[in-house]
Every structure is written in structure tokens, then in C-alpha cells.
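Nothing in this text is a laboratory measurement; each read-out follows from the coordinates by a stated rule. Just so it is clear, the structure is predicted and the values come from calculations on it, not from any experiment. Reconstructed Cβ throughout: ideal geometry from the backbone, glycine too, with neighbour counts over all protein chains shown.
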Amino acid sequence: MGVLAGKVAIVAGASSGIGRAAAVLFAREGAAVVAGARRQAELDLLVGEIEAAGGRAAALAGDVTDEACAPALVALAEKRFGGLDVAFNNAGMVGPMAPTPEVSPAAWRETVETNLTSGFLAARHQIPAMLRRGGGSLIFTSTFVGHTVGFPGVAAYAASKAGLIGLVQALAVEFGGRGIRVNALLPGGTDTPMYREFAQTQEARDFIVGLYPMRRLATPEEIARSALYLASDASSFTTGMALLVDGGVSITRT
């Protein structure tokens, strides 16, 4: 019996990277997984992999900035698997990488909509579903960037992801007495397509790795294991937390 046996989990941003690793891990640990992302073909491959391993999964393609996406994922979880217990809201984007005066308002809005407003839209529909089950665990992927470390040229990314931490804290207080835990997961550098978009040259990749005392990046599976902790009853007294899983970059000064 896995630690999520009998649970139903939504994983958004599940087509690659951390989200995909989390969907596979959650299913392995007994959860029925509803996977969401924009790319249907990748979602179909994910569902096939989970089912081939004996797990249960369903998928629905959509854009998290679309107001219809979050309720559709919740409806699928309830119709197909009977409810919702866990939601890992992991979809996001780096956004514009440029000096702040050069960032267009349109690019700023797109990043905030993708990284922050989508979290509000998800919570707006996931929380009522969890209340119908008597509680649950909401997880949002934020970042150490703009929280413990500042980098130039990523103002929209830093601000939108930092905003998630405020959302998490407000929701944790608002719904803690009704059985819902809400936490933010703050990964460090992880070898994902988003990271490769952020660090496009070998020089940039070497610089980033050099910031970490472990002198390496995380694998998506390592971050997924921390998401599993927040999803499971192992974290039953953990809420309102900004959980750093950053390989020590936040405390490194050498």
C-alpha cells in the first residue's frame, strides 16, 4: 500500500519535468491521478505509462490561464475517480528575461496570469471539492528566486512566484480548520525543459551549478519526492509553509 492509497490527485503541468515525475510517483504510491497540461500527446503517453505500471490515471489538456481549465480538471477527478484529495499546481513559465524597463506590460501580465492567477483559479475550484471529501492537501510550485535569492532580469517570474507564497499563507489560515492544508514547494535548479530555457548557454549552466554547494542540479524525481511529502499524511501538521528544496543555494555565500 502506497502512502497515497485511496487518494485522488490532480497534477497540473504534468506533461514534462517536475509535474510528470510527480504524476508517476503519486500513481506509484497509490493515487488515482488526473494529469493536466497543454500538450495532449504528452499527456496520453503519461497516462499510458502509469496504466502500464498498474496505476490509474486520466488526462485533460488545457491552459491553466483559461478559467475553464481548473473546474474541468476537478470535474474529471470527481466523475472518474469519485473526488479530490490532493492538488499539485505545478504549471508555470519563466517569462521575459530582460532588464525590467524592457519588459512589456503584455509579457508581465502573461507571466503573472500563468504563475499566480492560475493558482487562484485552481484553488477556487479545488477547495470546494476537497471540502466535499472532508479535507485535502493543496500544493503550489513557487521558487527561491525572489524569496531568498534575487537574480537580475527575471522580475516577472520572481514577483509572480513570490505571490504564490502569500496566496498559500492566506489559504492555509482560511481553510486549516476545515481540514485543508496548503503549502508552497520551492525547488532549486532542476534539470527540466524550463531550466534549459532559462540557462541557454553552457556558460550560464556552469554559473548556475556553481551557486549550489552540492555542485549539481536536482532531478525532477527528487523534487517530486518532496511534493509527495506535502501530499501525504507524513506532513499532516505542515501548512502555510514555503518549503525550500533548493540544494542549499539559499544559504550559500561562497
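What is the packing order of peptides 82-91, 113-122, 233-242, taking the mean over residues of other C-beta atoms within 10 Å and listing the highest first? Write out the running numbers ahead of the final one.
Numbers: 82-91: 24.6, 113-122: 21.9, 233-242: 14.6.
Most protected by this proxy first, the peptides run 82-91, 113-122, 233-242.
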Problem set entry | Under 5 Å, built H, 5+ apart or other chain: amide partners of Arg56 | Val33
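Averaging over all projection directions, find the projected area of the Cα convex hull of region 18-95 and quote it in nm² with one decimal place. Please report the intermediate quantities before stating the final value.
On the way: hull surface 20.3 nm².
The directionally averaged projection comes out at 5.1 nm².
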Exercise. Between Gly136, Gly177, Leu121, whose Cα lies farthest towards the positive end of the dipole of the chain when Lys and Arg beta carbons carry +1 and Asp and Glu beta carbons carry -1, centred on the Cα centre?
Worked result: Gly177
For this session: Express in nm, to one decimal, how much length is gained between Arg28 and Glu203 on full extension, taking 0.36 nm for each residue of separation and deducting their alpha carbon distance.
Result: 59.3 nm
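How high is the relative contact order of region 107-254, given as a whole-number percent (alpha carbon pairs under 8 Å, six or more residues apart)? The partial results should precede the final answer.
Details: 202 pairs, mean separation 42.7, N = 148.
It comes to 29 percent, rounded to a whole number.
Once Rh is set to the Kirkwood radius over Cα pairs, what Stokes-Einstein translational diffusion coefficient, in µm²/s, holds for region 205-248 at a temperature of 20 °C and a viscosity of 1.002 mPa s?
On the way: Rh = 12.0 Å.
Translational D for this selection: 179 µm²/s.
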Exercise. Given C-alpha coordinates of region 103-202, what is the ratio Rg to Rh with the Kirkwood estimate of Rh?
Worked result: 1.03
For this session: Given the peptides 98-109, 133-144, 150-161, arrange them by the average over their residues of other C-beta atoms within 10 Å, most packed first.
Result: 133-144, 150-161, 98-109
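Can you list which of the DSSP-assigned H helices in the chain have a Cα extent of 24 Å or more along the long axis and an average Kyte-Doolittle score of at least -0.5?
Details: long enough: 155-175 (30 Å, 1.23).
Length and hydropathy pass: 155-175.
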Exercise. Taking a temperature of 25 °C and a viscosity of 0.890 mPa s, what whole-number D in µm²/s does Stokes-Einstein yield for region 137-176 with Rh from Kirkwood over alpha carbon pairs?
Worked result: 227 µm²/s
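Taking 0.36 nm per residue of sequence separation and subtracting the Cα-Cα distance, how much length would be gained by fully extending the chain between Ser16 and Asp44, in nm to one decimal? Kindly include the intermediate steps, with their values, before the conclusion.
Details: separation 28, 0.36 × 28 = 10.08 nm, distance 1.20 nm.
Extra length available between Ser16 and Asp44 comes to 8.9 nm.
Assign unit charges at the C-beta atoms only (+1 for Lys and Arg, -1 for Asp and Glu), then state the dipole size of region 20-77 relative to its Cα centre in Debye, rounded to the nearest 20. Please report the intermediate quantities before stating the final value.
Details: 5 positive and 8 negative charges, 30 e Å.
It comes to approximately 140 debye.
How large is the Rg to Rh ratio of the chain when both quantities use alpha carbon positions and Rh follows Kirkwood?
Numbers: Rg = 17.3 Å, Rh = 18.1 Å.
Result: Rg/Rh = 0.95.
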